[in-house]
1. List every residue pair whose Cβ atoms sit under 9 Å apart, with the two residues 6 or more apart in sequence or on different chains, where the first one lies in the range B:373-399 and is crowded, with 21+ Cβ neighbours inside 10 Å and the second, anywhere, is of a type in the set (K, R).
2. If B:Q334 passes every condition in (1) in contact with a helix residue (DSSP H, G or I) (Cβ under 7 Å, 6 or more places away or on another chain); (2) more than 27 Å from B:I138 (Cβ to Cβ) but one, which one does it miss?
3. Criterion first (surrounded by fewer than 23 Cβ atoms within 10 Å (Cβ to Cβ), modelled with pLDDT under 95 and assigned to a strand (DSSP E or B)) does B:T124 satisfy it?
4. Which members of the range B:57-87 meet the condition of being assigned to a loop (DSSP other than H, G, I, E, B) and more than 10 Å from chain A (Cβ to nearest Cβ)?
5. Taking the range B:299-320 as the region of interest, how many residues are farther than 30 Å from B:E284 by Cβ and in a loop (DSSP other than H, G, I, E, B)?
6. Would you confirm whether any residue within the range B:323-345 is part of a strand (DSSP E or B) and among the charged types (D, E, K, R)?
7. If I filter the range A:134-156 down to residues being at positive phi and in contact (Cβ under 8 Å) with a residue 24 or more places away in the chain, which single residue comes out as surrounded by the fewest Cβ atoms within 10 Å (Cβ to Cβ)?
8. Select from the range A:3-42 the residues that are closer than 14 Å to A:H104 by Cα, surrounded by 15 or more Cβ atoms within 10 Å (Cβ to Cβ), more than 14 Å from chain B (Cβ to nearest Cβ) and of a type in the set (S, T, Y) and list them in ascending order.
Amino acid sequence: MSQYKVSIRYSSALFETAIYKKLFEVISEDVKFILKVFHSSKQLVSVMDSPVIKGQLKLSIIDEIFKDKINIETLYFLRFVIKKGRENYFINIFEKYLDLMDEHLGIVNVDVKTAFKFDDNQSKVLTENLGQKLNKQIRLNYSIDETIIGGFIAKIGDTVHDASVKHQLELLKKKFLEGGATLN
Amino acid sequence: MAEVRPDEISAILRKQLSGFESEADIYDVGTVLQVGDGIARVYGLSQVMMSELVEFPNDVFGMVLNLDEDSVGCVLFGESRLIKEGDTVKRTKRVASMPVGEEMLGRVITPLGVPIDGKGGITTNKFLPIERKALGVIQRAPVKEPLQTGIAAIDSMIPIGRGQRELIIGDRQTGKTAVAIDAIINQKYTHTEEAKTLGIDPVFCIYVAVGQKGSTVAQVVAKLEENGAMDYTTVISATAAEPAPLQFIAPYSGATLGEFFRDNGKHALVVYDDLSKQAVAYRELSLLLRRPPGREAYPGDVFYLHSRLLERASKLSEDLGGGSLTALPIIETQQGDVSAYIPTNVISITDGQIYLESSLFNSGVRPAINVGISVSRVGGNAQIKAMKKVAGSLKLDLAQYRALEAFAKFGSDLDTHTQKTLAKGARLVELLKQGQYVPIQVEKQVVAIYLGTNGYLDNIDIADVKRYEKEVLEFIEMKYKQVFDVIKKEKQLSDASIELIKKAADEFAVVFK
């Protein structure tokens, strides 16, 4: 619970600073870079998570890794987070930042599940259609699930556009059972 | 032999399935983060409404009760072991609701409107949300029609009007349910042709059993059936075996069904048996939903839990059809402690209370109503004039009797006036005793109480009072039937009627032994 609240506070602070100081592109690049570094080094994550290592030491570690590689504002932000003792939320904060960035740029993440791999033409048509419908830029994340038999399932946020054969069959089953079936 | 051609079958199939849409279906989903103890915490469902029904896998339904920043708390109406972490939850886009209609009469249903009496499905064409806002001031009218319970002590001194909320409170085994069941059985009269000609509208009844034993509910249903009361009654059952969420919503479903009758200009009586168990069920889910506990570990909104339920009982204004919903909530106290949390809350919400005491019950006063501390704050306006006339002196006589009761053991050492008051009081108490499932018509109550308060019982042995009452009423029924007819029709106790009653009583005194 608190993880969500903490990370959204810090990430929106960073995001608003970026917009205010007109450093949006630079800081966004930094964030992607920092996330890449964190994902590439498990040790760095455990050091940041560790309550045994003192904040001062963490500060100098961060300084040594990132100094001159990222914008000074981003570095200040990293230092600030460590000073506040929230360094174990780094990854959450930056992932949230990416969400805010997508929202700002009008990009929507769509998880598409298909029974078999879509070819380029099919995915292009799907992207275009969804983009037109939502009036936003679309970023498709594919996954393959053979149990849906055919069609596709597109998940945009919490809303699901279900055009799978499996779902159609379920609806058909429900229709047949109608009248006989009851709640619980 | 009859034959069915294959192409006929396919034609039928095509026809049946013609309405089936094959377009993409759009719905909102969430993911189960945590499940257990009848509660599921769900991530996602960002557009979900408070108290919306959500669908879990395996046909388990749930209701949203908590909307947090990053998750949604749901209570489950089915078994939580059918649900796993990571399962998909679908929105249904409708708040928890139940089917309503006259088809529900005579049935035993769950709080979600599913029949459990094995008499087949119920088809109604109307759905109403289980949680509804109570009516405002403009839509209401003052309570003015009587709701006869058929229990003399109540109808005379603690009268209940249509649209009133009268609490029945007492320890276990004091006859709380019996009072409510008698009230339901007595409504049978309102469904007769005679009542129709007298302008008495029928009262439909709903009995909500919360957290009771299944066998107790079955017994109540059997008793209602035996007395022909099931024809106009619906029993909503959430027994102790059901999950807490169902017990929690059961009274609200009862209110919803009652409101259906009320809003159609009809009259309904709903019995919540009992609200202390509902509060316990609500405490259970509140604690599981991690809401902070307060006094007696109940959550902070336990007052609202009952106030919003009982506020739905109301009498509608004439413009809205003049229907009514009367509520008889029941609260069980522990060792007669009415200052516990839930009893005080409900006492303050209702328009009066009927106290039942185990000491009275054990000393043979049944119904064990303590008329000294029982009150009805609005029912007086709903009493028929004849009853009002005789009830005034009854109340006074009983109050005097209670004040002197402590001296009764001095017996013959008392002055004659005191002795007289005590004798009369004892006879009136005897007169108000009544068996279970034998409601008395209001006109008979009036005559009996008139005789009691006017000294016609004073020379009769206490042990003979009930017999005297029965026989004198039979006597009047036979010889002076017009007395009852006039009271029924004019609802007044005219001087002419009084003369007739006196005459009849004098005549009867000669033959009674």
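1. As it stands, the answer is B:A382/B:K144; B:A382/B:R162; B:I384/B:K491; B:A386/B:K491; B:M387/B:K491, since those pairs meet every condition given.
2. (1)
3. Here the answer is no, as B:T124 does not meet what is asked.
4. Matches in the range B:57-87: B:I83, B:K84, B:E85, B:G86, B:D87.
5. Count: 1.
6. Yes: one or more hits.
7. A:I149
8. A:T17, A:S28
The values are calculated or read from the model by the stated rules, or taken from the named source; none is laboratory data. Not measured: the values here are computed from a predicted model. Here Cβ is always computed from backbone atoms with ideal geometry, including for glycine, and neighbour counts include all displayed protein chains.
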